[in-house]
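What follows draws every value from the coordinates through simple rules; no lab data is involved. From a predicted model like this one, the values you see are computed outputs, not experimental measurements.
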Amino acid sequence: MYTMKIVRYTSGNVPKPTKEDWDKTAAIKDKDIDFSDIPQFKDLSAFRPFIDRKMYRPVKVAVTCKLDADIVAWLKQSGKGYQTRMNSILREVMVHDVSAPPYNVSSAKE
């Protein structure tokens with residue numbers, strides 16, 4: 001009979017993964033992973049990590065872009081904060097674009 005042993009770690013004494021651990025992980029095929037106990041998300045609008053996490057502050061990058069005059073007028077018609085509104089609109093599109101590959105923040109700084 002196989003018995004399991006409970007092992008407890010604190011953040012200071014978690015062992016580093018060995019090459020054997022990484023090899024075992026790399027050998028697992030996606031089709032062999034059991035997702036049956038994980039609920040499926042179809043509507044990702046409920047997942048709002050950018051708004052719900054009060055401590056989350058994304059890194060800002062200064063960019064220059066040309067926009068149509070009517071778009072800028074529309075953004076500015078609500079008053080101060082048009083760049084923040086533009087950022088919010090773009091973030092909303094990004095969060096809902098589930099078909100997009102994961103993005104690399106470091107490449108945005110170049």
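Cα convex hull of segment 1-40: mean projected area in nm², to one decimal? Numbers along the way, then the final one.
Working: hull surface 21.4 nm².
Taking a quarter of the hull surface, the average projection is 5.4 nm².
Work out, in µm²/s and without decimals, the Stokes-Einstein translational diffusion coefficient of segment 57-99 at 4 °C, 1.567 mPa s, Rh from Kirkwood over C-alpha pairs. Each step should come with its number before you reach the end.
Values: Rh = 11.8 Å.
Translational diffusion coefficient: 109 µm²/s.
Residue by residue through segment 13-27, which ³J(HN,Hα) values in whole Hz follow from phi under the Karplus form 6.51 cos²θ - 1.76 cosθ + 1.60 (θ = phi - 60°), with glycine and proline marked x?
10, 6, x, 6, x, 8, 4, 4, 4, 5, 5, 4, 5, 5, 6
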